[in-house]
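For reference, the structure discussed in these notes is given below.
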Amino acid sequence: MTDQTPSHEMLTSPHSMRNKLARLLWGVVYVLLFRYSPRSFHAWRYVILRLFGARIHRTSRVYPKARVWYPGNLVMGPHACLGEGAECYNVTTITIGEWTTVSQYAYLCGATHDHEDVKFPLIPKPITLGKRVWIAADTFVAPGVTIGDGTVVGARSSVFRDLPPWQICMGSPAKPLKPRELGPSDFGYDESRDGD
C-alpha cells in the first residue's frame with residue numbers, strides 16, 4: 001500500500017446492510033414524496049418521517065427542503081422546527097426540544113472521524129438541543145454538543161462546545177455574550193423541577 005492508496009478498512013462502511021437499505025429507500029421517498037411537497041403539508045411529512053422511524057411530535061414542523069440523513073435517529077418535541085435547507089446529519093440521535101427552531105441552512109453534524117487513527121473511523125456523537133432554543137441561519141453545530149434550554153445562537157456561528165441555558169451566543173467558536181432577557185418563568189417553566 002502506498003501513501004496514495006487507502007486501506008481496506010477506510011473503504012468499508014461502518015453501517016449495517018439494513019441501515020444502508022433503509023437510507024436508500026428513504027432517499028427515494030425523500031426525492032419523490034417529501035422534498036417537493038407543498039410547504040403547508042406538515043402532516044404529510046410527519047407521516048413519512050414516522051414511517052421511517054422518526055420520534056417526532058405531531059406538531060413538529062420539518063420543511064420540505066430540510067435534509068434528514070436517517071429519520072430513525074431524529075427526535076423532535078412539540079412545536080419543534082427544522083427549517084428549509086437545514087441539514088440534520090444524524091448518524092446517531094439528534095434531539096430537538098420543544099419549541100426549538102433550527103433555521104434555514106443550519107447544519108447539525110452528528111458524527112466526526114478519528115483523524116489520529118489510520119483507519120479514519122466514523123465516530124457518531126449525539127446532539128441535544130434543549131427547549132425554546134433558536135439556532136439561527138447558517139449555524140454549524142458540531143458532534144456531541146448540547147445546547148441548554150432557551151439559548152439563542154446567532155446566525156453563521158459555529159458551536160463546538162456545549163452552551164449554557166438562557167444565553168445569547170454567537171461567533172466562531174460560539175460563546176455566551178449575555179443572558180437572554182426572557183427566562184424559564186416567561187414560558188411558564190418551573191425551574192425547581194428537574195427534567196422539565
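The values are calculated or read from the model by the stated rules, or taken from the named source; none is laboratory data. Model, not experiment: these values are computed from the prediction. Positions of Cβ are backbone-derived with ideal geometry, glycine not excepted, and every protein chain shown enters the neighbour counts.
Within this structure, residue 139 fails the test of being in contact (Cβ under 8 Å) with a residue 24 or more places away in the chain, under 15 Å from residue 97 (Cβ atoms) and of a type in the set (S, T, N, Q). In this structure, is residue 35 under 27 Å from residue 138 (Cβ atoms) and at pLDDT below 95? No; evaluated as a whole, the condition is false for this residue. For first residues located in the stretch 51-80 and charged (D, E, K, R), partners that are part of a strand (DSSP E or B) and lie 6+ apart or on another chain with Cβ distances below 6 Å form the pairs 55/75; 61/81; 67/87.
Looking at the stretch 135-146, can you tell me whether even one residue there is modelled with pLDDT under 95, on the phi < 0 side of the Ramachandran plot and part of a loop (DSSP other than H, G, I, E, B)? No, the stretch 135-146 contains no residue that is modelled with pLDDT under 95, on the phi < 0 side of the Ramachandran plot and part of a loop (DSSP other than H, G, I, E, B). Here the stretch 166-181 is the region considered, the condition is being out of contact with any helix residue (DSSP H, G or I) (no Cβ under 8 Å at 6 or more places or on another chain) and in a loop (DSSP other than H, G, I, E, B), and the residue that is surrounded by the fewest Cβ atoms within 10 Å (Cβ to Cβ) is 181.
Scan the stretch 96-111 and tell me whether some residue there is closer than 18 Å to residue 149 by Cβ and over 13 Å from the mean Cα position of the chain (by Cα). Yes, because at least one residue in the stretch 96-111 is closer than 18 Å to residue 149 by Cβ and over 13 Å from the mean Cα position of the chain (by Cα). The number of residues in the stretch 112-170 that are among the acidic types (Asp, Glu) and within 24 Å of residue 184 (Cα to Cα) comes to 2. Looking across 153, 159, 145, one residue alone is in contact with a Lys or Arg (Cβ under 8 Å, 6 or more places away or on another chain) and within 23 Å of residue 77 (Cα to Cα). It is 145.
Checking every residue in the stretch 150-165 against the condition of being assigned to a loop (DSSP other than H, G, I, E, B), closer than 25 Å to residue 70 by Cα, touching a residue at least 60 places away in the same chain (Cβ under 8 Å) and out of contact with any helix residue (DSSP H, G or I) (no Cβ under 6 Å at 6 or more places or on another chain) gives zero matches. Of all residues in the stretch 42-56, those that are buried (at least 16 other Cβ atoms within 10 Å of the Cβ) and either out of contact with any strand residue (DSSP E or B) (no Cβ under 9 Å at 6 or more places or on another chain) or of a type in the set (A, V, I, L, M, F, W, C) (or both) total 5. Whenever a residue of the stretch 33-47 is under 17 Å from residue 85 (Cβ atoms), its partners that are of a type in the set (A, V, I, L, M, F, W, C), lying with C-beta atoms within less than 8 angstrom and at least six residues away or across chains, give the pairs 34/48; 37/44; 42/62; 45/34; 45/62.
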